[in-house]
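Step one of this worksheet: look at the structure below.
The values are calculated or read from the model by the stated rules, or taken from the named source; none is laboratory data. Please read all numbers here as calculations on a predicted model, not as lab measurements. All Cβ positions, glycine included, derive from the backbone under ideal geometry; neighbour counts span all protein chains shown. Only protein heavy atoms, including side chains, enter the accessible area calculation; ligands, DNA and RNA are left aside. Shrake-Rupley method; radii C 1.70, N 1.55, O 1.52, S 1.80 Å.
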Amino acid sequence: METKITVFSSTSNLCTLLILVVFSFAVSPSHASLSFNFYAISCPGAEFMVSNTVRSASSADPTIPGKLLRLLFHDCFVEGCDASVLLQGNGTERTDPANTSLGGFSVIDSAKRVLEIFCPGTVSCADIIALAARDAVAIAGGPSVQIPTGRRDGRISNAANVRPNIVDTSFTMDEMTKLFSSKGLSLDDLVTLSGAHTIGLAHCNAFSDRFRQDSKGKLTLIDTSLDSTYAEELMKKCPAGASTSTTVSNDPETSLAFDNQYYTNLLAHRGLFQSDSVLVKDGRTRKQVEAFANDQESFIRSWGESFLKLTTIGVKTDDEGEIRQSCSFAH
């Protein structure tokens, strides 16, 4: 089935462009019942209500878009895009250390409360996460991608499932490729979706393995693939003994703008994580990094295709899952 995806690109240097990306959206049983404008009759204002909530929250806190985009990744890679990451309780995904620094939950909850007033029991938390991440990218200046809806919420959330399914910042290219492939994502998708690091924040411990602390508490750079000047900046912001709440921007140049600066940073050896830097060092991915660094619209087009694939990983539809009244608790 050939599906036309409308991608609205808004950047600071370019007028708004309408780009039609033709993407082959194979309808398999796992997402056979997803459709564009799924809520056209049951809750016609659903997407507007989510977008309005995300925009309001982002105006108050400009770090929200990065948090919502990360939340989507952590949801979809574990149990599929089914809002399992939102469930609270002992031993749920949220209790795993990889997820304790996640944010944006209050935005999803706010959107859900509004939707429950106007369309009770209709819009899933899984759809809200996907739509909120889509809107977050657009609010940060990136493309607005039309995505299908109709996901249902999962009832299973197990902390033990998190680590085997989430990319660690110290991963090698082979480790990342294997994980992405298990989710139906290609090497091109890996490079494209890594561009999510053009916005958002990281805690110091996410890249501390690139430094060594001596007996006097002084940090020294041990990862020679990192630009030394950039490394000095990072050590100043994240000295030995820094608070666990201390954060730095993933993209030190345009931290709040969804653009192709991430790829330019990689070529300058200013990728924050080891999992970023390997994209430049590995011959399988370097050419795509260079292409995106030189052509922002190429990145924008690829983002639309890869983001659609991300949001349809392992979705539950029809009689699978449920529609939660509260995103934090299953029925």
(request) Apply the Karplus parameterisation 6.51 cos²θ - 1.76 cosθ + 1.60, with θ equal to phi minus 60°, to every residue of segment 140-147 and state each ³J(HN,Hα) to the nearest whole Hz, in sequence, with x for glycine and proline. (result) 7, x, x, x, 9, 9, 6, 10
(message) Let me spell out the model: positive unit charges on the Cβ of Lys and Arg, negative unit charges on the Cβ of Asp and Glu, origin at the Cα centre of segment 202-331. What dipole size does that give, in debye rounded to 20?
(response) 520
(request) Give me the accessible area of R286, 1.4 Å probe, in Å² rounded to the nearest 10. (result) 90
(message) I want to verify a result. In a Gaussian network model of the chain, Cα cutoff 10 Å, which of these has the top mean-square fluctuation: D109, D227, D295?
(response) D295
(message) Using only the alpha-carbon atoms, what does the chain span along each of its principal axes? Please give whole angstrom values in decreasing order.
(response) 62, 45, 38
(request) With runs of 4+ DSSP H residues as the only contributors, calculate the mean residue ellipticity of the chain at 222 nm using -39,500 (n - 2.57) per run, divided by the residue total and rounded to the nearest 500. (result) -11500 deg cm²/dmol
(request) Report, in debye and to the nearest 20, how large the dipole of segment 188-272 comes out about its Cα centre when Lys and Arg carry +1 and Asp and Glu carry -1 on their Cβ. (result) 500
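When only DSSP loop residues count, what GluC sites (Glu not before Pro) in segment 185-276 have their Cβ near at most 14 other Cβ atoms within 10 Å? Don't skip to the end; give the middle numbers.
Numbers: sites: E232, E233, E253; in loops: E253.
Answer in residue order: E253.
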(request) Could you give log10 I(q)/I(0) at q = 0.14, 0.18, 0.19, 0.21 Å⁻¹ for segment 157-293, computed by the Debye formula over C-alpha point scatterers of equal weight, without solvent? (result) -0.67, -1.06, -1.16, -1.34
(message) Among G195, G121, P239, whose Cα projects farthest towards the positive end of the dipole of the chain, with charges put on the beta-carbon of Lys, Arg (+1) and Asp, Glu (-1)?
(response) P239
(request) Skip the ligands, DNA and RNA, and give the accessible area per residue of the chain with a 1.4 Å probe, whole Å². (result) 44
(request) Mind checking which lysines have their Cα closer than 25 Å to the Cα of K183? Skip sequence neighbours fewer than 8 apart in that chain. (result) K4, K67, K281, K287, K309, K316
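With only Lys, Arg, Asp and Glu charged, each at its Cβ (+1 for the first two, -1 for the last two), find how big the charge dipole of the chain is about the Cα centre; round to the nearest 20 debye.
Working: 29 positive and 37 negative charges, 79 e Å.
I would put it at about 380 debye.
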(request) Starting from the amide H of L201, placed 1.01 Å from N in the peptide plane, find each other amide H under 5 Å away whose residue is 5 or more places distant or on another chain. (result) N250
